[in-house]
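What follows is a set of notes on a single structure, which appears directly below.
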Amino acid sequence: MYIRCLFLSYGIWLDKVINKTVHDRVLGKQGQEVSKLPGAFNIDLHVDDSSGVEMEGVKYNFATVIIGEEEDWMEKVREKLRIKN
């Protein structure tokens, strides 16, 4: 709930938030091979703070926005969503 509220406070509505427990339960053994696989959950864009997830995005063909401690991180997310649509 925290993540959903955090994004909403920046004007970004999230349809889903998948944590590790849900990820591993749904993907089973495949979930042990990859830390993130948003396509398995019909998620169009994965937002994370890990460059490793960006590498998995390239390898497994899913869109990512990697954010850090920059203040304008929400604009990076919005821009990526504008490009996708």
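The values are calculated or read from the model by the stated rules, or taken from the named source; none is laboratory data. Fair warning: this is a prediction, and the values are worked out from it, not measured in the lab. Using ideal geometry, Cβ is built from the backbone for each residue, glycine included, and neighbour counts are taken over all protein chains shown.
Brief remarks on what is shown
- Residue match in segment 53-65 (condition: of a type outside the set (F, W, Y), closer than 16 Å to I3 by Cβ, touching a strand residue (DSSP E or B) at 6+ places or on another chain (Cβ under 7 Å) and assigned to a loop (DSSP other than H, G, I, E, B)): no
- The set of residues from segment 56-78 being at pLDDT 90 or above, surrounded by fewer than 14 Cβ atoms within 10 Å (Cβ to Cβ) and not hydrophobic (A, V, I, L, M, F, W, C) comprises K59, N61.
- Taking segment 5-55 as the range and being touching a Gly at 6+ places or on another chain (Cβ under 9 Å), farther than 17 Å from E75 by Cα and surrounded by 16 or more Cβ atoms within 10 Å (Cβ to Cβ) as the test, the residues that pass are H23, K36, L37, P38, A40.
- Residue that is within 12 Å of the chain's Cα centre (by Cα), modelled with pLDDT of 90 or more and charged (D, E, K, R), where the choices are D44, D15, D48: D48
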